[in-house]
1. When you check Ala94 against the structure, is it surrounded by 17 or more Cβ atoms within 10 Å (Cβ to Cβ) and farther than 22 Å from Glu272 by Cα, yes or no?
2. Which one of the conditions (1) of a type in the set (S, T, N, Q); (2) assigned by TED's automatic domain parsing to the domain that holds Asn189; (3) outside any helix (DSSP H, G or I) does Thr56 fail to meet, given that it meets all the rest?
3. Pairs, please: C-beta under 6 Å, at least 6 apart or cross-chain, first residue buried (at least 22 other Cβ atoms within 10 Å of the Cβ) and in the range 118-139, second of a type in the set (Ser, Thr, Tyr) and outside any loop (DSSP other than H, G, I, E, B)?
4. Would you please list the contacts, defined by Cβ atoms under 8 Å and residues six or more apart or on different chains, that run from a residue in the range 269-290 that is surrounded by 19 or more Cβ atoms within 10 Å (Cβ to Cβ) to a residue that is aromatic (Phe, Trp, Tyr) and not in a strand (DSSP E or B)?
5. Given the condition over 20 Å from the mean Cα position of the chain (by Cα), over 20 Å from Tyr128 (Cβ atoms), at pLDDT 95 or above and among the hydrophobic types (A, V, I, L, M, F, W, C), answer yes or no: does some residue in the range 186-200 qualify?
6. If you scan the range 32-54, which residues turn out to be in contact (Cβ under 8 Å) with a residue 60 or more places away in the chain and either surrounded by 14 or more Cβ atoms within 10 Å (Cβ to Cβ) or of a type in the set (Phe, Trp, Tyr) (or both)?
7. Scan the range 59-68 and tell me whether some residue there is exposed (fewer than 12 other Cβ atoms within 10 Å of the Cβ) and either touching a residue at least 60 places away in the same chain (Cβ under 8 Å) or among the acidic types (Asp, Glu) (or both).
8. Among the residues of the range 138-164, what is the count of those that are closer than 17 Å to Leu196 by Cβ and either small (Gly, Ala, Ser) or not assigned by TED's automatic domain parsing to the domain that holds Trp100 (or both)?
Amino acid sequence: MFDCDQYELLDFGNGRKLERIGGFVLDRLAPGAAGQRPSRPTLWDKADAIYSRDKTQRGRWRCSAGWPENWTVSNGPITLELKPTEVGHIGLFAEQAANWDWLAVQIKRAHQSPKVQGRVKVLNLFAYTGGSTLAAAAAGADVVHVDSAKNTVGWAQRNAQRSGLQDATIRWIVEDAATFVKREVKRENVYHAVILDPPSYGHGPQGETWKLTRDLAELLRACANLTEKQRCFFLLTCHSTGFGAPEVEALLSDALFGNCQSGTRGKTIYLETKDGRRLRSGVAARWPHS
């Protein structure tokens, strides 16, 4: 988890969250906060940047004077460059920090497994700005990082440099995730693990379309094929409303093993305030669950 001087969820409610991230306070949309009320209303006036959408769903940031073009936040060996984007993201999903810790444990275990000869090979799909890629690389894995947006892959590469991992064994791939996996299956390439955090909707660089409810099950089966011979671990996370922990657990278990008695475990991911209030921030399914 993040040290409190790097990240803190200050409050949430009315469909929004208030976060202190690396010294700046941000007020952003948070679907998990819908129907709840803020507990510390006086704090919200201290936001350095506010993101909102108008009636046409066009996004807009309102920032205080002196707002930087970018800044950084660190978690263990990882340093990430942050900056506001037109969709309200900043290059960080803080709730993933617990998964980064889990990845480090799994990679250490995998290096002790007879399934692994040499280094653990990890495939990270929909890899965004590279938090999971860098967590895996810092733990000693070789990583293939796949994202369909060239500028986002460039952002991840800068994060690798900021983290002192510019010489780590990372392949940077700009391609549609499903297309890449299909090609890897045909090439008969093998991975020890797969990480993926798919969006609800998306587009590949060649106009490919992605719809989570339509395409996730098939992609998971293809990823199961890639890892079937030497599988050590698997991580699926999802931030789409309508997908709960039981759904992602069942999808992953069925794809990997064809049944629900597999040791796969789904769980809700939360961000938590100092006073113990928890904001639902997605779901995860892991194998193995411990």
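1. Details: surrounded by 17 or more Cβ atoms within 10 Å (Cβ to Cβ): yes; farther than 22 Å from Glu272 by Cα: no.
Considered against the rule, which asks whether it is surrounded by 17 or more Cβ atoms within 10 Å (Cβ to Cβ) and farther than 22 Å from Glu272 by Cα, Ala94 comes out as no.
2. (2)
3. Asn124/Ser132; Asn124/Thr133; Ala127/Thr133
4. Ser281/Phe93; Gly282/Phe93; Val283/Phe243; Arg286/Trp102
5. Of the residues in the range 186-200, the ones over 20 Å from the mean Cα position of the chain (by Cα) are 186-190.
With over 20 Å from Tyr128 (Cβ atoms) added as a condition, the list becomes 186-190.
After this cut, where a residue has to be at pLDDT 95 or above as well, the list is 186-190.
Add one more test, that the residue is among the hydrophobic types (A, V, I, L, M, F, W, C), and what stays is 190.
Within the range 186-200, one or more residues are over 20 Å from the mean Cα position of the chain (by Cα), over 20 Å from Tyr128 (Cβ atoms), at pLDDT 95 or above and among the hydrophobic types (A, V, I, L, M, F, W, C).
6. Restricting attention to the range 32-54, the residues satisfying the condition of being in contact (Cβ under 8 Å) with a residue 60 or more places away in the chain are 32-33, 39.
Passing the criteria: Gly32, Ala33.
7. Scanning the range 59-68 turns up no residue that is exposed (fewer than 12 other Cβ atoms within 10 Å of the Cβ) and either touching a residue at least 60 places away in the same chain (Cβ under 8 Å) or among the acidic types (Asp, Glu) (or both).
8. 4
The values are calculated or read from the model by the stated rules, or taken from the named source; none is laboratory data. It should be emphasised that the depicted structure is a prediction, and the values quoted were computed from it without experimental measurement. Note that each Cβ is placed from the backbone with ideal geometry, even for glycine, and that neighbours are counted across all protein chains shown.
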